[in-house]
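These notes concern the structure reproduced below.
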Amino acid sequence: MTLPPDPSAEELADLVASTPPSGKRRPIGLLVAVATLGSLLFGYDTGVIAGALPYLYLPTAGGGLALTPLDEGLVGGCLAVGAAIGAIVGGRLADRHGRRHNILLLALIFIVGTVGSALAGNVLILSLFRVVLGFAVGGASSSVPMYLSESAPQRIRGPLVAVDQFMIVFGQLLAYSTNAMLSASRGGPQVQVASDPTGQFAAGSWIPWDLAGHIEGLVVAAGNGGVWRYMLVLGTLPAIALWIGMRLMPESSRWYAAKHRYYEAIGALKRIRDERRDGVGAEIQGMVEVQRVEGRQARWTLRQAWSTRWTRRVLVIGCFLGIFDQLTGINTAMYYLPKVLVAAGFSSADAITLNVVTGIASTIGAGIGIYLVGRLARRHVGIYQETGIVLALFSLALVFGFGIAPHIDASGAIAATVPAYLPWLVLALVTLFVFFKQSGTVNWVLVSEIFPARIRGTAQGVAVAAGWIMNAVVTFAFPLMIAYLGPAWTFACFGLFNVFALLFYLRIVPETKFVSLEQLEQDLQARFS
């Protein structure tokens, strides 16, 4: 049966009654489990580099890539650059070809980027494939939540979409755990000595890279640096599972409806709905009504939004929500925590293992964050987050500046005189930092709510891209800041950034929880005009 773009209620009811499901029924829980593998990959591929970097610093003879602080920032930042592109392009592809189609494409890009990164023979090739991997990460960051929100029944939409954020953090924990197991099985980063000009170690002996890296003129014969390749390539397993699983899932019924393909929309919806609890007819009727309303409203371009005072101010607020989210420094913990723990006095092997502790804290925090966002005002959650982060970052700066810095010798190594409790205090403060961040993450909830309907898709893509661009800047700059400013001043700088973020939440960010999106749009227009 063919319907006009604007069908009557009777025509639509007849079509709903006569249309069979377009395939085998898929429980909504299975759909969420499969789709959020994309979010798990997002977390895994952003977190795995933390354990790989200590091995990448080994010389090429030892299996590493002889990374410098500049190279380290490049390898980390390239993923974020790719993600900024992927967030914008991926959203456009999802609108044009479908949400399911886009996630299938992203699964293949995840596989290509992961395998290419794992096989890279130099920093340039690794960086190029990290850009490819970043494109998949950015695409997943926009496509997966969209697919979930459009597929979930209204009665459980909030919790199901929140699973997306939880799976990102769980993916990071999975990366830290596999890194720790692989590193422990090989005894941490080690090299075999070919010759030692200082005479401390005989040729053929194996020593930790933490020690070898501070011996000037040491010649390396071999090493276990290739462990980083295994860490990276494991990311292909969930990517393959995502590609296979998404082939069994239906396309978003709302995407079909947006294309006026109501027959396919009904067939897809019937595959994932329990018709005794969720009325397919009423839901399809709602989709048709949305198309009628949107058909009467002209969509704005980004130029129109920027030329209008109140939408320009809302767009700026959305971009700064993304920017300040990255200036918390959370990605310095995701990517570089072993480097921070080594600077505090732990060995590289212990630092990779202890990274799991912060991953557990992040996962617990993300679970609590789902509760806080549901119970508290959005601004209050943001204020709580920023207050905790400011305290944790300035505390880290004080511990490094007054506790650890006096015990660092001229070569950059930490002397044995450092009090034993200080490295553990650094671990505790970093754990608190990631807990505050993950339990108070509210910026993307705000970004999904503050934009008016006429520019929501375009504006959200710009805000997400702004966050990823700042992610790239922070990721590139952090190793250089640690190398040239030292940990104390680095964490003090990030603490200062978050003082401004706290003021931003206190003075500028609008509250969005207690009104409908339509009423919020009217309120923001009145406030910012």
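The values are calculated or read from the model by the stated rules, or taken from the named source; none is laboratory data. Please read these numbers as outputs of a predicted model, since none were measured by experiment. Heads up, the Cβs are rebuilt from the backbone with ideal geometry, glycines too, and the neighbour counts pull from every protein chain shown. Calculation scope for accessible area: heavy atoms of the full protein, side chains included, ligands and nucleic acids excluded. Shrake-Rupley method; radii C 1.70, N 1.55, O 1.52, S 1.80 Å.
General remarks:
- Extreme residue, nearest to Gly86 (Cα to Cα), among residues of the range 112-138 that are touching a residue at least 60 places away in the same chain (Cβ under 8 Å) and surrounded by fewer than 21 Cβ atoms within 10 Å (Cβ to Cβ): Val115
- Just one of (1) farther than 17 Å from Leu65 by Cα; (2) open to solvent by 50 Å² or more (accessible area, probe 1.4 Å); (3) in contact (Cβ under 8 Å) with a residue 40 or more places away in the chain fails for Gly187. It is (2).
- Remark: pairs (first residue in the range 139-168, closer than 24 Å to Phe435 by Cβ and touching a residue at least 40 places away in the same chain (Cβ under 8 Å); second residue buried (at least 19 other Cβ atoms within 10 Å of the Cβ) and polar (S, T, N, Q); Cβ separation under 6 Å; 6+ apart in sequence or on different chains) = Val163/Thr36; Asp164/Thr36; Asp164/Ser39; Met167/Thr36; Met167/Ser39; Ile168/Ser39.
- Single match in Leu173, Leu182, Leu211, Leu218 (criterion: out of contact with any helix residue (DSSP H, G or I) (no Cβ under 6 Å at 6 or more places or on another chain) and either farther than 20 Å from Val445 by Cβ or surrounded by 20 or more Cβ atoms within 10 Å (Cβ to Cβ) (or both)): Leu211
- Conditions (1) at pLDDT 90 or above; (2) assigned to a helix (DSSP H, G or I); (3) more than 27 Å from Thr358 (Cβ to Cβ); (4) not charged (D, E, K, R); number of the one not met by Ala66: (2)
A quick yes/no check of all residues on (1) within 30 Å of Gly279 (Cα to Cα); (2) modelled with pLDDT of 90 or more:
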| site | (1), (2) |
| --- | --- |
| Arg92 | no, no |
| Arg100 | yes, yes |
| Leu106 | no, yes |
| Gly134 | no, yes |
| Gly138 | no, no |
| Ser149 | yes, no |
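- Given (1) closer than 25 Å to Val399 by Cβ; (2) touching a Phe, Trp or Tyr at 6+ places or on another chain (Cβ under 6 Å), number of the condition Leu496 does not satisfy: (2)
- Subset of the range 336-350 [more than 21 Å from the chain's Cα centre (by Cα) and assigned to a helix (DSSP H, G or I)]: Leu341, Val342, Ala343, Ala344, Ser348, Ala349, Asp350
- Sole exception among (1) in contact (Cβ under 8 Å) with a residue 12 or more places away in the chain; (2) in a loop (DSSP other than H, G, I, E, B); (3) open to solvent by 10 Å² or more (accessible area, probe 1.4 Å) for Gly225, by number: (3)
- A count restricted to the range 351-383 and to residues that are surrounded by fewer than 18 Cβ atoms within 10 Å (Cβ to Cβ), at pLDDT 90 or above and not hydrophobic (A, V, I, L, M, F, W, C) stands at 1.
- Considering the conditions (1) in contact with a Pro (Cβ under 6 Å, 6 or more places away or on another chain); (2) in a helix (DSSP H, G or I), Thr353 is excluded by exactly one of them, (1).
- Search result, residues across the range 319-335 that are over 14 Å from the mean Cα position of the chain (by Cα) and crowded, with 24+ Cβ neighbours inside 10 Å: Leu321
- Residue match in the range 20-42 (condition: buried (at least 23 other Cβ atoms within 10 Å of the Cβ), touching a strand residue (DSSP E or B) at 6+ places or on another chain (Cβ under 6 Å) and either modelled with pLDDT of 90 or more or over 25 Å from Ile244 (Cβ atoms) (or both)): no
- Filter result for Arg254 (at pLDDT below 80 and not aliphatic (A, V, I, L, M)): no
Matching residues to (1) touching a helix residue (DSSP H, G or I) at 6+ places or on another chain (Cβ under 6 Å); (2) modelled with pLDDT of 90 or more; (3) open to solvent by less than 10 Å² (accessible area, probe 1.4 Å):
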residue	(1), (2), (3)
Ala50	yes, no, yes
Pro54	yes, yes, no
Gly62	no, yes, yes
Leu70	no, no, no
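- Number of the exception - Thr19 against (1) closer than 20 Å to Leu234 by Cβ; (2) touching a Phe, Trp or Tyr at 6+ places or on another chain (Cβ under 7 Å): (1)
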